[in-house]
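Following: one structure in structure tokens, then a few remarks.
The values are calculated or read from the model by the stated rules, or taken from the named source; none is laboratory data. This is a predicted model, so every value here is computed, not measured. Methodologically, a virtual Cβ is constructed for each residue, glycine included, from the backbone with ideal geometry; neighbour enumeration extends over all protein chains shown. Protein only, heavy atoms only, side chains kept; ligands, DNA and RNA dropped before computing areas. Shrake-Rupley method; radii C 1.70, N 1.55, O 1.52, S 1.80 Å.
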Amino acid sequence: MTTAATLMSTTPSTICSDFDVDAAFAEIIAREWPKLEGRQTPNALSFTPGDTALGGKACELGRRSASRVKAFPWQAWSLDHIMSKNADGTWTHPECCLIVPRQNGKSLLLSLRVLYGLFKLGENIIFSAQQWETAKSLWKRTWAIVKTTPWMLKRVESKTCSQGRGTIVLASGAQVVFTTRSANAGRGLDKIDLEIYDESYDLTEADMAALSPTKMAAEDPQTIYTSSAVNQDQHPNGNVLASVRRRGLAGEEGLFFAEWMAPEELDRADPDTWRWANPSFGVIQTVKKLRAELNKFSTEAGRKSFDVEYLGRGDWPVEPGSEERELLFDLDEWAEMANPKARLTGPIALGLDMDPSRKWVSIGAAQRTTAGLKHVEVGIHEAPTEDLVAVIVSLVSRWDPCALVIDKTSPAMSLLPDLVEAGIEPETTTAAQMAQACGGFYDDAVKALLCHTGDPLLTESLQVLETRELSGGGIAWARTKGGVISPIVAVTLARWGLVTFQPRNVPPTKALAVKAHESAPAGVSGFADMVF
């Protein structure tokens, strides 16, 4: 087996050859970072040469602050290229992408870039992350430097940090916003000179579109993507970062790209492999820490997680259209089951699901038809709102469903305490029950025992739907290839709730639509109309 020790002297896969960060900073490492053992050189690299003076100035600003911030060599080198300038004074790299395993200190690098942009370049900056804790952490790090450095502090006009948004505003008008990604992330900013997407493994095109107008108003905007590698089992929205990575590996001009990772041929249990992948190894990462992490994982999924998080070995989505993927359901046969005028009768069951990104919540319904089919329909598919629980309570009060079902592994479980407090006790599926629900839905679909309204939300979910094997046997729907499948999960749960909890031997009731619209034809499907 190839070992990391035999590869340590090689240069990275790069568009710019004859480059070795480790050799260039050997003296600094020996003098300032004697415990630093990590390979400073990225495994893959592309950049365009330019004037790198600003990167050094950004590092010096941190060094001269009251916090005496000192950058690792790889951080200083990255800043050199992120802040590189063309001869005409514009950014050499309008886009920059750093993919680094977790816990290596990329937050410090970003904080230095923000501080120099704010105090020296007068930029309007937005830093967004998938989790508020990440954004808040960088705000705290940056503000700690500002508040202890008198010349910085006296230039501050205001600062805030609450309710998912942190700001630092200078008297000059320059400002930085730290926030979670949302449609309102750029509120209050007429133009954005620098946008930073941290945790880019969960970045979507919709997230970027929300900031596009303000970015276009800037004369020379810059975008920075930072992230650990994508694991498709955990990151369903990894396509945007994967696309940037493909452009970086192709050496696209104007994109600074650096990726630290350990090649597949290196042994994951070898400390030299850990040194290869983690540039801050020896100071932040250590043999003791990583061995403890590795020992936690005894399953294949766990070892894969270790490879992604600590060795940078991503499980990357392929480029759309680059490979054929067999769909679980024949879409033509699914379309033939559409019957928006189906006559419905009997009890109603509801299913509730939330996308892992927590950007979408879906409520599905199931009811039998007079022809003996199971009719499924999506009534709500929208961003979660503060009154979501009240909406659910209203639906349950209106229809008295035989069951409201939530998968125990769904993010929608976060609503359970509030629902119980409101007097609603949803049914929650175990792994075995979820296998029954997904298997039953599949069997009914291939046997044409379902019908639906032809809603494109369900069709779109089916186009990205895949399965995952459960430890106790059976399969369940998997969120692994991007896209949103909460609509299909919601109706799957509703169908299972209908067949599992419907009252036995009860006379047929009036159809669903009649309850909402007295003028509607008896038995005509109308769940979505009722909701909206």
So for the pair residue 107, residue 32, with labels modelled 7 Å out along Cα→Cβ, what separation do we get in nm?
-> 2.1
Let me know the charge dipole size of the range 195-289 about its Cα centre in debye, to the nearest 20, where only the beta-carbon of Lys, Arg (+1) and Asp, Glu (-1) is charged.
-> 260
Among 73, 237, 351, whose Cα sits farthest toward the positive end of the charge dipole of the chain (+1 at Cβ of Lys/Arg, -1 at Cβ of Asp/Glu, about the Cα centre)?
-> 73
Looking at the P(r) of the chain, how many percent of alpha-carbon pairs lie beyond 38 Å?
-> 39
Reported to the nearest 10 Å², residue 467 has, with a 1.4 Å probe, an accessible area equal to 60
Accessible area of the range 123-243 divided out per residue, in Å², using a probe of 1.4 angstrom | 41
Which listed residue (317, 119, 364) has the Cα farthest towards the positive end of the charge dipole for the chain, taking +1 on Lys and Arg C-beta and -1 on Asp and Glu C-beta about the Cα centre?
-> 119
Mean residue ellipticity at 222 nm from the helices of the chain, using -39,500 (n - 2.57) per DSSP H segment of n ≥ 4 over the full residue count, to the nearest 500 deg cm²/dmol?
-> -10500 deg cm²/dmol
Let a ≥ b ≥ c be the square roots of the eigenvalues of the Cα gyration tensor of the range 301-405; is it rounded (a/c under 1.5), or, if not, prolate (a/b larger than b/c) or oblate?
-> oblate
Between residue 191 and residue 162, how many nm apart are label points set 7 Å from Cα along the C-beta direction?
-> 3.2
Positive minus negative residues near residue 195 (Lys, Arg vs Asp, Glu; Cβ under 12 Å) | -1
Among 257, 277, 46, whose Cα lies farthest out toward the positive end of the dipole of the chain, if unit charges sit on the beta carbon of Lys, Arg (+1) and Asp, Glu (-1)?
-> 277
How much net charge surrounds residue 228 when only the other residues with a Cβ under 15 Å from the Cβ of residue 228 are counted, with Lys and Arg +1 and Asp and Glu -1?
-> -4
In debye to the nearest 20, the charge dipole size for the chain, taken about the Cα centre with +1 at each Lys and Arg Cβ and -1 at each Asp and Glu Cβ, equals 1960
When only C-alpha pairs under 8 Å and at least 6 residues apart count, what is the relative contact order of the range 114-176, in percent?
-> 38
The range 84-221, relative contact order in percent, only Cα pairs under 8 angstrom and at least six apart counted = 26
Once the mean 1/r over all distinct Cα pairs of the range 89-233 is inverted, what Kirkwood radius in angstroms do you read off?
-> 15.3
Could you state the orientation-averaged shadow area of the convex hull built on the Cα atoms of the range 57-153, in nm² to one decimal?
-> 6.6
Which value, in Å to one decimal place, does the Kirkwood hydrodynamic radius take for the range 195-246 when every pair of different Cα atoms is included?
-> 11.7
Sites matching trypsin sites (Lys or Arg not before Pro) across the range 61-94 that sit in DSSP coil, with at most 14 neighbouring C-beta atoms within 10 Å = 68, 70
As a percent rounded to 5, the proportion of antiparallel DSSP bridges among beta bridges in the chain is 50
Anything over 22 Å Cα to Cα? Flag those among 120/159; 159/191; 136/304; 341/447; 140/215; 374/447, in the order listed.
-> 136/304; 140/215
Relative contact order (%) - criterion: Cα under 8 Å, at least six apart; region: the range 147-247 | 22
Could you give me the percent of Cα pairs per 10 Å distance bin for the range 248-374, shortest bin first, beginning at zero and ending with the bin that holds the maximum distance?
-> 9, 21, 22, 19, 15, 12, 3
Heavy-atom accessible area of residue 140 with all protein chains present, probe 1.4 Å, nearest 10 Å²?
-> 110
Seen from all sides and averaged, what is the projected area of the convex hull of the Cα atoms in the range 169-289, in nm²?
-> 10.4
So if R0 is 25 Å, what FRET efficiency would residue 288 and residue 63 give, r being the distance between their Cβ atoms, rounded to the nearest 0.05?
-> 0.25
Work out which helices of the chain, taken as complete DSSP H runs, extend at least 18 Å along their axis over the Cα atoms and score a mean Kyte-Doolittle of -1.0 or more, then list them.
-> 106-119, 132-147, 431-446, 486-501
Local electrostatic count at residue 342 - Lys and Arg +1, Asp and Glu -1, tallied over other residues with Cβ under 12 Å = +3
What is the Cα convex hull volume of the range 339-476 when expressed per residue in Å³?
-> 119
Considering only DSSP states other than H, G, I, E and B, which GluC sites (Glu not before Pro) in the range 323-364 qualify as loop sites with at most 16 other Cβ atoms within 10 Å?
-> 323, 324, 326
